[in-house]
Amino acid sequence: MPDHEKLRMGDDDHDTPRASASRERAPGPTDVPIWDWPVRFVHWAIVLLLVVLLATGKAGGDWLVWHMRAGETLLALVLFRVLWGVAGSRHARFASFVRGPREVVAYARSLLRPSHATFAGHNPLGGWMVVLLLVALLVQAGLGLFTNDDIMNEGPLVRHLSKDFSDQLSSLHRRNAWIVVGLASVHIVAVLGYLAAFRDNLITPMFTGRKRLGAAWQAERTGATANRRAVALLLACGIAVWLLVRRW
């Protein structure tokens, strides 16, 4: 793995005058741009939508109209995040943080040692959590289009299914909601655990986009082209979902 992708905490230098002088001359950690605005926007928008979806789903009745609207918005955002994971900036791309089993296990073992591997973007465990959450959210939002509550509310695409099949999908939708809640809970506990155990604040960078890293790290430069691409993809996903639920 390239040195700029992973930084290892700890002091491997021999305690010699030359090494000590080198460390004294080396600049300290600095705040480096890591998370672009599309990643941060989608992250916090999904957090807000999950709260709305849980509240309106529990309330039922007329609130299910807002539940479905929030679900359609969630679907558009998840689709955008998947596309941005292919065409986005460096740390937004799946290729930058989805690792193989060997690297995941090695990273997990490193957490048991005083010095563990540090990644600028998602670490190998966090990368797979992102993938699992996106898959679970995509399944949940997709199932919601075909569900019904056996009273008066139903998803926009129920008309294409038989009542029995819609009932089966509705049952899956309710069960998968617990999977989403479970994954989100594990994610929150992990973030708080990193803060408590390693003093590694993963929350603030998701607001500011900047992470404190060694001075050797080179920040990626993102310009107007990337911003225009993000806006275009976001609008395309929103229009695609609108056409799906309103015109199909």
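The values are calculated or read from the model by the stated rules, or taken from the named source; none is laboratory data. In this text, all values refer to a predicted model and were calculated from it rather than measured experimentally. Heads up, the Cβs are rebuilt from the backbone with ideal geometry, glycines too, and the neighbour counts pull from every protein chain shown.
Here are some notes:
- In the stretch 142-152, residue surrounded by the most Cβ atoms within 10 Å (Cβ to Cβ) [restricted to those that are at pLDDT 95 or above and not in a loop (DSSP other than H, G, I, E, B)]: GLY144
- Criterion applied to THR73, THR16 was being over 22 Å from PHE198 (Cα atoms), modelled with pLDDT of 95 or more and hydroxyl-bearing (Ser, Thr, Tyr), and the one residue passing it is THR73.
- In the stretch 104-119, residue surrounded by the most Cβ atoms within 10 Å (Cβ to Cβ) [restricted to those that are at pLDDT below 90 and out of contact with any helix residue (DSSP H, G or I) (no Cβ under 7 Å at 6 or more places or on another chain)]: PHE119
- LEU138 falls short on exactly one of the conditions (1) closer than 30 Å to VAL191 by Cα; (2) modelled with pLDDT of 95 or more; (3) out of contact with any helix residue (DSSP H, G or I) (no Cβ under 6 Å at 6 or more places or on another chain); (4) not charged (D, E, K, R), and that condition is (3).
- Pairs with Cβ under 9 Å, 6+ apart, first in the stretch 140-157 and closer than 11 Å to LEU64 by Cα and in contact (Cβ under 8 Å) with a residue 24 or more places away in the chain, second in a loop (DSSP other than H, G, I, E, B) and of a type in the set (Asp, Glu): ASN153/ASP62
- Restricting attention to the stretch 70-118, the residues that are within 19 Å of LEU213 (Cβ to Cβ) and touching a Phe, Trp or Tyr at 6+ places or on another chain (Cβ under 6 Å) add up to 2.
- Annotation: VAL181 fulfils all but one of (1) under 18 Å from the mean Cα position of the chain (by Cα); (2) within 23 Å of ARG69 (Cβ to Cβ); (3) surrounded by 14 or more Cβ atoms within 10 Å (Cβ to Cβ); the unmet one is (3).
- Residue among VAL131, VAL135, VAL86 that is part of a helix (DSSP H, G or I), under 14 Å from VAL39 (Cα atoms) and without any contact (Cβ under 8 Å) to a residue 24 or more places away in the chain: VAL86
- Of the candidates VAL78, VAL139, VAL86, the single residue that is within 22 Å of VAL181 (Cα to Cα), surrounded by fewer than 21 Cβ atoms within 10 Å (Cβ to Cβ) and out of contact with any Pro (no Cβ under 9 Å at 6 or more places or on another chain) is VAL139.
- Check on PRO101, at pLDDT 95 or above and over 13 Å from the mean Cα position of the chain (by Cα): yes
- Given (1) more than 30 Å from HIS116 (Cα to Cα); (2) at pLDDT below 90, index of the condition GLY214 fails: (1)
- Those residues of the stretch 105-151 which are within 26 Å of ASP31 (Cβ to Cβ) and among the hydroxyl-bearing types (Ser, Thr, Tyr), in sequence order: TYR107, SER110, SER115, THR118
- Figure legend. Inter-residue proximity from the stretch 186-207: first residues at pLDDT below 95, second residues in a loop (DSSP other than H, G, I, E, B) and of a type in the set (Asp, Glu), beta-carbon distance below 7 Å, spacing 6+ or different chains. Indicated pairs: TYR194/ASP200.
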